[in-house]
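Remarks on the structure that follows.
The values are calculated or read from the model by the stated rules, or taken from the named source; none is laboratory data. What you are looking at is a predicted structure, and each value in this text was computed from that prediction instead of being measured. Positions of Cβ are generated from backbone atoms using ideal geometry, with glycine treated the same way; all protein chains shown enter the neighbour counts. Please note that ligands, DNA and RNA were not included when accessible areas were found on the heavy atoms of the full protein model with its side chains. Shrake-Rupley method; radii C 1.70, N 1.55, O 1.52, S 1.80 Å.
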Amino acid sequence: MDPSKQETNQKKASKPMAKKETQEFQFVVYNTMTQQKEVFNPKTPGKVRMYVCGVTAYDFSHLGHARAAVSFDVLYRYLKHLGYEVTYVRNFTDVDDKIIRRANETGEDPISLSDRYCKEYNIDMSDLQCLSPTHEPRVSDHMEQIKDMITQIINKNFGYVVEGDVFFAADKFSNYGKLSGQKLENNRAGERVAVDSRKRNPSDFALWKAAKPGEPSWDSPWGPGRPGWHIECSAMSAHYLSFKFDIHGGGLDLIFPHHENEIAQSCAACEESDVSYWMHNGHVTNNNEKMSKSLGNFFTIRQITERYHPLALRYFLINAHYRSPLNYSVVQLEGASDAVFYIYQTLKDCQDALLQLQEEMPNDGKPARITPDSKECISKLRNEFQVKMSDDLSTSLILTGAFLEALKLVNNLLTMLKKKQQKQQRLLVIQSLKEIQNEVTKVLDVLGLQPPCSYNEVLLQLKEKALTRAGLVEDDVIRLIKERAEVRRNKDFLKSDQMRAHLQAKGIALMDVGTETIWRPCVPVQQDSEIVPSEGQKVPPKPESA
């Protein structure tokens, strides 16, 4: 981004909104370049071009990768919801030192190994309900574009060749550090920057690496070799989106040196290079330390989805603002799982009721008449969703408040249907249920939380995951329910409560419904050693939040 454009954006962002009402209809994003929120205005009206740095594919992806993918998937979905035509590019790095090292360890071809993990990554993304980007370029398929850009950089005296290697002369780019605020000399501390005495300046970084024995290589004007890390994203973003596009995203750790170097390369190759908004998601931490493969403190997506439903993981990831740190916590994952079970159980109950009452619903094409409470609920949900999402994707604030109030009202309306009512009032309740359900599912769809299968299927899947975490199978629970029923018949209520508490500590809640006992997942509860008999006390109702 050139200085004049940056200054314009700063002025534009600093202007106060004329009216609160107009703010609700303006999408505001935080721009890392200007370090403030700005009203989103794409370069071409109605169209958005977005590039997000993807993974280096040499292993199964971890929770940090999931957070980046889900964060920008929500952005992608919301932009589409706003009516934009979005071109979304997310790359795969399939040529890299880490890939080569792993391939040497396993005896595989590096490109084949990386291809395998690219496919595994896409399986994880599908499980997390991340929409496929418009383009998913790989480095190995874009060597010509990379070599062409390096040639442009050399021709403009920003690059130099040493024994088949090509380096970027960082000190020749006067605006180096404008994104991160880092000083030029700090570049040597970058994660993937090797110490090389042949550099003119220690801050210079590789554009092209000369071939080494046992490594994949491609022919080039400077001899056989392969690209440096940073050049790939500059070349591929320019190829698919041009040198001028709207959004460049990635994890917070990519600001320096990767994105800083991207800016330098792209501006060196094309003076008119310009990205309007730089957006970055926060780290996932484990015991408040950044989760990463290099530190060995990470959990893969697969490790988590073996025990928790992918939709529970997605809920966990968006239940914090995308820019904030997110600390890995089993307690929070349990809460997320409980929250999505409540959402889908409520919607299933609503859907089942509406299906049974289909014949009572009018089919005259007239607008549905609903209760005043329902009208107010829908209006509040729409407004809150719009205001929070337009404020830099504040997803964590959407899953509370009006959203939970809407689910609570659905349950209240379902209870009303069980009572005797006049025909007109009953019709109001039925139509209210339908309208609230429609509004809730719209919110879930934009957040990527609308399940791909029936509510019944996803509830069964959530129950299966709960059994896995409890170390049980459903037959175990059924057997314990039968044993408890016998204990209750013998009026041994203390033992009955102890049996219930035992299961609740494992994340299995028993619910006495009339003469029947059913079970559902719950957040594991640590029970007191002594349990007071409470046969008259029913199991608490379904929670309204995690």
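Calculate the length of the line joining the C-alpha centroid of region 110-160 to that of region 460-510, in whole Å.
When both Cα centres are located, 50 Å separates them.
Got a sec? Charge dipole of region 221-331, +1 on Cβ for Lys and Arg, -1 for Asp and Glu; which of Phe243, Cys267, Leu317 is way out at the positive end?
Selected residue: Leu317.
Evaluate E = 1/(1 + (r/R0)^6) for Gln35 and Glu85, where r is the Cβ-Cβ distance and R0 equals 25 Å; express this FRET efficiency to the nearest 0.05. It would help to have the intermediate numbers written out before the result.
On the way: r = 29 Å, r/R0 = 1.17.
Efficiency computed from Cβ-Cβ geometry: 0.30.
Phe299 label point, 7 Å along Cα→Cβ, cut-off 15 Å on backbone N: hits in region 37-74?
Under 15 Å, as judged by backbone N against the label point of Phe299, lie 61-67 of region 37-74.
Any chance you could list P(r) for region 471-521, counting all Cα-Cα pairs in 5 angstrom bins from zero, rounded to whole %?
Here the calculated profile for region 471-521 is 5, 20, 36, 28, 10, 2.
Among rounded, prolate and oblate, which fits region 246-388 when a ≥ b ≥ c are the square roots of the eigenvalues of its C-alpha gyration tensor, a/c under 1.5 means rounded, and a/b larger than b/c means prolate? Kindly include the intermediate steps, with their values, before the conclusion.
Details: a/c = 3.25, a/b = 1.66, b/c = 1.96.
In terms of gyration-tensor shape, oblate.
For the residue pair Ile518 and Val161, what label-to-label distance in nm results when each label sits 7 Å from Cα along the Cα-to-beta-carbon direction?
Those two pseudo-labels are separated by 7.3 nm.
Once the dipole of region 352-456 is set up with Lys and Arg at +1 and Asp and Glu at -1 on Cβ about the Cα centre, which of Gln356, Gln425, Pro367 lies farthest towards its positive end?
Going by the charge dipole, the pick is Gln425.
Roughly what would the spin-label model give for Leu184 and Val387, points 7 Å off Cα along C-beta, in nm?
4.9 nm
Taking region 152-270, how many lysine pairs are there with alpha carbons less than 14 Å apart, if each pair must be eight or more places apart or span two chains?
Details: Lys156/Lys172; Lys172/Lys183; Lys172/Lys199; Lys199/Lys209.
Within region 152-270, the lysine pair count is 4.
Give a residue-ordered list of calculated ³J(HN,Hα) values for region 339-356 (Karplus: 6.51 cos²θ - 1.76 cosθ + 1.60, θ = phi - 60°; whole Hz; x for Gly, Pro).
For region 339-356, the Karplus curve yields 5, 5, 4, 4, 4, 6, 5, 4, 5, 5, 4, 5, 4, 4, 5, 5, 5, 6 Hz.
Which of rounded, prolate or oblate describes region 334-405 when judged by the alpha-carbon gyration tensor and an a/c cut-off of 1.5?
Note, shape of region 334-405 comes out oblate.
Calculate, for Trp218 and Gln332, the FRET efficiency according to 1/(1 + (r/R0)^6) with r their C-beta to C-beta distance and R0 41 Å; round to the nearest 0.05.
Values: r = 45 Å, r/R0 = 1.10.
E between Trp218 and Gln332, to the nearest 0.05, is 0.35.
Quick one: if the Förster radius is 30 Å, what FRET efficiency do Ser324 and Phe25 give, using the C-beta to C-beta distance and rounding to 0.05? Don't skip to the end; give the middle numbers.
Values: r = 25 Å, r/R0 = 0.84.
Efficiency at R0 = 30 Å is approximately 0.75.
Considering only lysines 8 or more places apart in sequence, or on different chains, count the pairs in region 413-500 whose C-alpha atoms sit under 17 Å apart. Don't skip to the answer; put the middle values down first.
On the way: Lys418/Lys434; Lys423/Lys434; Lys434/Lys442; Lys482/Lys491; Lys482/Lys495.
Final tally of qualifying lysine pairs is 5.
Which cross-chain or sequence-distant (5 or more) residues have an amide H under 5 Å from the amide H of Lys37, H modelled 1.01 Å from N in plane?
Those lying under 5 Å, H to H, from Lys37 are Asn31.
Please list 3J(HN,Hα) in residue order for region 58-70, calculated via the Karplus relation 6.51 cos²θ - 1.76 cosθ + 1.60 where θ = phi - 60°; whole Hz, with x for glycine and proline.
9, 6, 5, 7, 9, 4, x, 5, 4, 5, 4, 4, 5
Please list, ordered by chain and number, the residues whose modelled amide H lies under 5 Å from the amide H of Gln450; skip anything fewer than 5 residues away on the same chain.
Asp445
Just to verify a number: what accessible area does His65 come out at with the full protein assembly present, 1.4 Å probe, Å² rounded to tens?
Only protein atoms counted, so the area is about 40 Å².
Along region 510-517, what does the Karplus equation 6.51 cos²θ - 1.76 cosθ + 1.60 (θ = phi - 60°) give for ³J(HN,Hα), rounded to whole Hz, x for Gly and Pro?
Ordered by residue, 3J(HN,Hα) equals 8, 10, 8, 10, x, 8, 9, 10 Hz.
Compute the long axis of helix 260-269 from its Cα atoms, compare it with the longest principal axis of the Cα atoms of the chain, and write down the angle in degrees, 0 to 90, nearest 10.
So the helix axis and the longest Cα principal axis differ by about 50 degrees.
Residues of region 471-521: accessible area per residue at 1.4 Å, in Å²? Working shown, then result.
Numbers: 2900 Å² over 51 residues.
I get 57 Å² per residue for region 471-521.
Relative to the longest principal axis of the chain, what angle (0 to 90°, nearest 10) does the C-alpha long axis of helix 493-505 take?
10 degrees
Taking all protein chains together and a probe of 1.4 Å, list Lys491, Lys156 from the most accessible to the least accessible. Mind dumping the intermediate values first?
Working: Lys491 150, Lys156 90 Å².
So the residues, ranked largest to smallest area, are Lys491, Lys156.
Compute the helix-to-body angle for 402-417: its Cα long axis versus the longest principal axis of the chain, expressed 0 to 90° and rounded to tens.
Computed tilt is about 30 degrees.
Can you give me the solvent accessible area of Asp219 with a 1.4 Å probe, rounded to the nearest 10 Å²?
The accessible area of Asp219 comes to roughly 120 Å².
Given the DSSP H assignment, sum -39500 (n - 2.57) over each helix run of at least 4 residues in the chain and divide by its residue total; what's the result at 222 nm in deg cm²/dmol, nearest 500?
Details: 17 runs with 243 residues, N = 546.
Taken over the chain, the calculation gives -14500 deg cm²/dmol.
Please list, in chain and number order, the residues 5+ apart from Gly159 or on another chain whose amide H is under 5 Å from its amide H, with Hs placed from the backbone.
Result for Gly159 returns Ile154, Ala169.
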